[in-house]
Amino acid sequence: MNDTLKKISISRENLVDRFQRYVRIDTQSQDPSDTYPSTLKQLDLSRLLVEELKALGIDNAHLTEHGYVFASLPSNLP
C-alpha cells in the first residue's frame, strides 16, 4: 500500500457520477448457474472497483476468482 493515501475530496457530483457509472454495468445473474459469479459480465463491476481503489492509492486492492473485491486501509488510530 502507498505510504500516503491520496486525499480525496468527493463532491456530490463526483459521487453521483460514480454511482451512475456503476449502475450502468450489467451485473444480472444467470439462473441456474454453478459458477461464481454466474456470468463473466458480473466481473466488469468488480474490475472497475479494483481500478478505482488503486487509483485512490489502495495498492493492495485485488479481485478474487469469484469476483470478490478486497482492499484494506491502515488504521488511523494511534
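Filtered by the rule that a residue be of a type in the set (A, V, I, L, M, F, W, C) and not in a loop (DSSP other than H, G, I, E, B), the stretch 21-51 gives Val23, Leu40, Leu43, Leu45, Leu48, Leu49, Val50. Scanning the stretch 55-78 for residues that are in a loop (DSSP other than H, G, I, E, B), of a type in the set (Val, Ile, Thr) and closer than 16 Å to Tyr36 by Cβ returns a single hit, Thr64.
Can you find, within the stretch 27-74, the residue that is modelled with the lowest pLDDT among those that are of a type in the set (Val, Ile, Thr) and under 21 Å from Asp17 (Cα atoms)? Per the stated criteria, the residue is Thr27.
The values are calculated or read from the model by the stated rules, or taken from the named source; none is laboratory data. Owing to the predicted nature of the structure, the values given are computational and were not obtained by experimental measurement. Here Cβ is always computed from backbone atoms with ideal geometry, including for glycine, and neighbour counts include all displayed protein chains.
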